[in-house]
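Scroll down for the structure; my scribbles are underneath it.
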């Protein structure tokens, strides 16, 4: 094993070990403090709920750890055990087309990953989620969802990969710019298309049935100066008792979608407070700022990839003498995942800042911080959310501030960052 290969392998192992250490630290923290009822949660959370939450969090974490360990072992075997070279040559033997071979390269890998994920999805859905009272999905519906999602993945991946590779083959010097434009246009188009074509394949969307709720929501939107095409509820209870609400689409096709489970669990005031928070993301420009940041990052990443893919010694990073363009992309993606790891807490911090700002906006718009606090407490209880994450783990992985901090801020308790 060469020096560069050993360096890359050690760096990956260190990053992975740090991630597992953070996970263990978080679980130890939960075991030490999981029985403590946080301030402000006394009326909604009891010791039995906390016990159930701790057990659920522990089982979910163990399942995630098992899946992660298997994925990482297979990844190392694939990259450093000679399988990448064998797979690369096999795909090349199927066709002499640059575009078709590239599409097959990534499509087969994606389908294999889907197969590997199936046992974990089955266990998580029909064992863990079922035992904790969340799962309402039948095996038939699970299979239907798998078939639909796999078909959609195949279609989108084939289209995106073939389009990108065709542009690369067409313009060897400026493909990074054309591919970036292609991905950006398709991504924006999918934001318009998804609410009407993809989402209805999995769920039934219909006007909110709760009497008087839609009128109150539209009044809140009007107060915020936000036009929404539809206010819908979705039959999420067919699959799970978890609850949520979200905005979908952009421009004139913006829609508010409420889980039917959320409607049944919360009061109108709590629902409106949650939506006021989501409105905050739109009005404060978080959506377009994230979009612009993502696109600028993608542009920089594609240009850097363009330069690095020309480096002759790139395959040596995983111990190979030669690799196709597609294989080089895999190697580069692997190295990039290591290099980007230090940005993880920065990205999470920026996201949490947006969440704090959206909470403040919701308080100003709706004027009922206690309603948002009550909604967050209910969401935590109904979803068995971990109320005691380790601070370091939260800083690295939480895109939202810990719920206890959010509730404390809303009710005049502890301040958030």
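Every residue in the stretch 207-237 that is in contact with a strand residue (DSSP E or B) (Cβ under 9 Å, 6 or more places away or on another chain) and loosely packed, with under 12 Cβ neighbours inside 10 Å, please.
If the condition is that a residue be in contact with a strand residue (DSSP E or B) (Cβ under 9 Å, 6 or more places away or on another chain) and loosely packed, with under 12 Cβ neighbours inside 10 Å, then 207, 209 are the ones that fit.
Which of the residues belonging to the stretch 125-140 are surrounded by fewer than 16 Cβ atoms within 10 Å (Cβ to Cβ), closer than 17 Å to residue 55 by Cβ and either in contact (Cβ under 8 Å) with a residue 60 or more places away in the chain or within 23 Å of the chain's Cα centre (by Cα) (or both)?
Of everything in the stretch 125-140, those that are surrounded by fewer than 16 Cβ atoms within 10 Å (Cβ to Cβ), closer than 17 Å to residue 55 by Cβ and either in contact (Cβ under 8 Å) with a residue 60 or more places away in the chain or within 23 Å of the chain's Cα centre (by Cα) (or both) turn out to be 127, 130, 133.
Filter the stretch 395-404 for residues that are part of a helix (DSSP H, G or I), free of Cβ contacts under 8 Å to residues at least 60 places away in the same chain and more than 22 Å from residue 48 (Cα to Cα) and give the result.
395
Quick one: how many residues across the stretch 238-247 are surrounded by fewer than 17 Cβ atoms within 10 Å (Cβ to Cβ) and within 21 Å of residue 122 (Cβ to Cβ)?
1
Can you find a residue that is within 30 Å of residue 9 (Cβ to Cβ), out of contact with any strand residue (DSSP E or B) (no Cβ under 6 Å at 6 or more places or on another chain), outside any helix (DSSP H, G or I) and without any contact (Cβ under 8 Å) to a residue 40 or more places away in the chain anywhere in the stretch 331-343? Don't jump to the end; show me each part of the working.
Start the filter on the stretch 331-343 by keeping residues that are within 30 Å of residue 9 (Cβ to Cβ), which leaves 331-343.
Filter once more, keeping what is out of contact with any strand residue (DSSP E or B) (no Cβ under 6 Å at 6 or more places or on another chain): 331-343.
Filter again for outside any helix (DSSP H, G or I), leaving 340.
Remaining after also requiring without any contact (Cβ under 8 Å) to a residue 40 or more places away in the chain: 340.
Among the residues of the stretch 331-343, at least one is within 30 Å of residue 9 (Cβ to Cβ), out of contact with any strand residue (DSSP E or B) (no Cβ under 6 Å at 6 or more places or on another chain), outside any helix (DSSP H, G or I) and without any contact (Cβ under 8 Å) to a residue 40 or more places away in the chain, which makes the answer yes.
Please indicate, with yes or no, whether at least one residue in the stretch 347-370 is in a helix (DSSP H, G or I), crowded, with 17+ Cβ neighbours inside 10 Å, without any contact (Cβ under 8 Å) to a residue 40 or more places away in the chain and touching a helix residue (DSSP H, G or I) at 6+ places or on another chain (Cβ under 6 Å).
No.
Regarding residue 393, is this residue at pLDDT 95 or above and surrounded by 18 or more Cβ atoms within 10 Å (Cβ to Cβ)?
yes
State all residues of the stretch 83-99 that are exposed (fewer than 15 other Cβ atoms within 10 Å of the Cβ) and within 31 Å of the chain's Cα centre (by Cα); if no residue qualifies, say none.
Within the stretch 83-99, 83 is the sole residue that qualifies.
Across the stretch 8-36, what is the number of residues that are under 28 Å from residue 312 (Cβ atoms) and either surrounded by 12 or more Cβ atoms within 10 Å (Cβ to Cβ) or within 26 Å of the chain's Cα centre (by Cα) (or both)?
Matching residues across the stretch 8-36 total 7.
Checking residue 204 against (1) farther than 21 Å from residue 279 by Cβ; (2) touching a residue at least 60 places away in the same chain (Cβ under 8 Å); (3) more than 22 Å from the chain's Cα centre (by Cα): exactly one of these is not met. Which one?
(2)
Can you tell me which residues in the stretch 272-304 are closer than 27 Å to residue 377 by Cα, out of contact with any strand residue (DSSP E or B) (no Cβ under 7 Å at 6 or more places or on another chain), in contact (Cβ under 8 Å) with a residue 60 or more places away in the chain and assigned to a helix (DSSP H, G or I)?
Once the filter is applied, which keeps residues that are closer than 27 Å to residue 377 by Cα, out of contact with any strand residue (DSSP E or B) (no Cβ under 7 Å at 6 or more places or on another chain), in contact (Cβ under 8 Å) with a residue 60 or more places away in the chain and assigned to a helix (DSSP H, G or I), the stretch 272-304 yields 272, 273, 276, 277, 279, 280, 281, 283, 286.
Can you spot a residue in the stretch 137-150 that is at pLDDT 95 or above, assigned to a helix (DSSP H, G or I) and closer than 27 Å to residue 180 by Cβ?
Yes, the stretch 137-150 contains a residue that is at pLDDT 95 or above, assigned to a helix (DSSP H, G or I) and closer than 27 Å to residue 180 by Cβ.
Which residues, counting only those in the stretch 40-51, are exposed (fewer than 15 other Cβ atoms within 10 Å of the Cβ) and out of contact with any helix residue (DSSP H, G or I) (no Cβ under 7 Å at 6 or more places or on another chain)?
Matches in the stretch 40-51: 42, 43, 46, 47, 48, 51.
Exactly one of these conditions fails for residue 181: (1) touching a residue at least 12 places away in the same chain (Cβ under 8 Å); (2) in a helix (DSSP H, G or I); (3) over 22 Å from residue 268 (Cα atoms). Give me its number.
(1)
So which residues in the stretch 184-216 are touching a helix residue (DSSP H, G or I) at 6+ places or on another chain (Cβ under 6 Å) and outside any helix (DSSP H, G or I), if there are any at all?
If the condition is that a residue be touching a helix residue (DSSP H, G or I) at 6+ places or on another chain (Cβ under 6 Å) and outside any helix (DSSP H, G or I), then 208, 210 are the ones that fit.
The values are calculated or read from the model by the stated rules, or taken from the named source; none is laboratory data. Computed from a prediction, not measured in an experiment: that's the story for all the values here. Ideal geometry is used to build each Cβ from the backbone, glycine not excepted, and the neighbour counts take in all protein chains shown.
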